[in-house]
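Accompanying notes for the structure given below.
Please treat every number below as a calculation from the coordinates, not as lab data. Not measured: the values here are computed from a predicted model. A quick note on method: Cβ atoms are made from the backbone with ideal geometry, for glycine too, and the neighbour counts reach across all protein chains shown.
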Amino acid sequence: MPKTKVWLVIEKSTYGENSYGYSIIKTANTIEKAVNYKVHLDALNDSKNKSYFLVSDVDTVLENVAKSHNKSVENGSYYENHPEVKRPEDTF
């Protein structure tokens, strides 16, 4: 059975110097939706004691990183952002 990919938007509440509470505020099936939720929650947040972050399982996160990296290599933006790395065709 294929694994369902889930991204969670977590709210961290600070109650004191060493006291925190965490709550799942939103779930999403894509990183884009999760980031969109987080951005909007950050914009609406008027409390200094709250912050938001994204989490998922390691396999989902690594797959997303690899896919994003491969896309940036394919479209050339990786080499634009990292001029110290030569394009494969530049090494011959």
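Post the alpha-carbon centroid distance, the stretch 46-84 to the stretch 1-35, in whole angstrom.
Between the Cα centres of the stretch 46-84 and the stretch 1-35 lies a distance of 16 Å.
Past 30 Å, Cα to Cα: identify those pairs from LYS5/LYS50; LYS33/LYS71; LYS26/LYS48; LYS12/LYS33; LYS26/LYS71; LYS48/LYS71, in the order given.
LYS48/LYS71
Restrict the search to the stretch 7-70; then list the GluC sites (Glu not before Pro) that DSSP places in a loop and that have at most 15 other Cβ atoms within 10 Å of their Cβ.
Qualifying residues, ordered by number: GLU17.
Name all residues of the stretch 33-47 having a backbone nitrogen under 16 Å from the label point set 7 Å from the Cα of LYS67 along its Cα→Cβ direction, giving them as ranges.
33-36
Above 18 angstrom, tally the Cα pairs of the chain and express them as a % of all pairs, no decimals. Don't skip to the end; give the middle numbers.
Working: 2526 of 4186 pairs.
Here the long-distance tail beyond 18 Å is 60 percent of all Cα pairs in the chain.
Between LYS5 and ASN49, what FRET efficiency comes out of the Förster formula 1/(1 + (r/R0)^6) with R0 = 30 Å and r the beta carbon distance, rounded to 0.05? Each step should come with its number before you reach the end.
Values: r = 31 Å, r/R0 = 1.02.
Efficiency for this residue pair is about 0.45.
Counting alpha carbon pairs within less than 8 Å and at least 6 residues apart, what relative contact order, in whole percent, applies to the stretch 11-92?
23
Suppose every Lys and Arg Cβ carries +1 and every Asp and Glu Cβ carries -1, with no other charges. What dipole size does the chain come out with about its Cα centre, to the nearest 20 debye?
With Lys and Arg at +1 and Asp and Glu at -1, about 340 debye.
Say each of THR27 and TYR78 gets a label point 7 Å from the Cα, pointing the same way as Cα to Cβ; how far apart are those two points in nm?
The modelled label-to-label distance comes out at 3.3 nm.
On a 0 to 90 degree scale, rounded to 10, what angle separates helix 31-44 from the longest Cα axis of the chain?
Helix 31-44 sits at roughly 50 degrees to that axis.
Between TYR15, ASN36, SER68, whose Cα lies farthest towards the positive end of the dipole of the chain when Lys and Arg beta carbons carry +1 and Asp and Glu beta carbons carry -1, centred on the Cα centre?
TYR15
Mind pulling the angle between the C-alpha long axis of helix 58-75 and the longest principal axis of the chain? Nearest 10 degrees, somewhere in 0 to 90.
Computed tilt is about 40 degrees.
For the stretch 22-80, which trypsin sites (Lys or Arg not before Pro) are both in a DSSP coil and crowded by at most 10 other Cβ atoms within 10 Å?
LYS48
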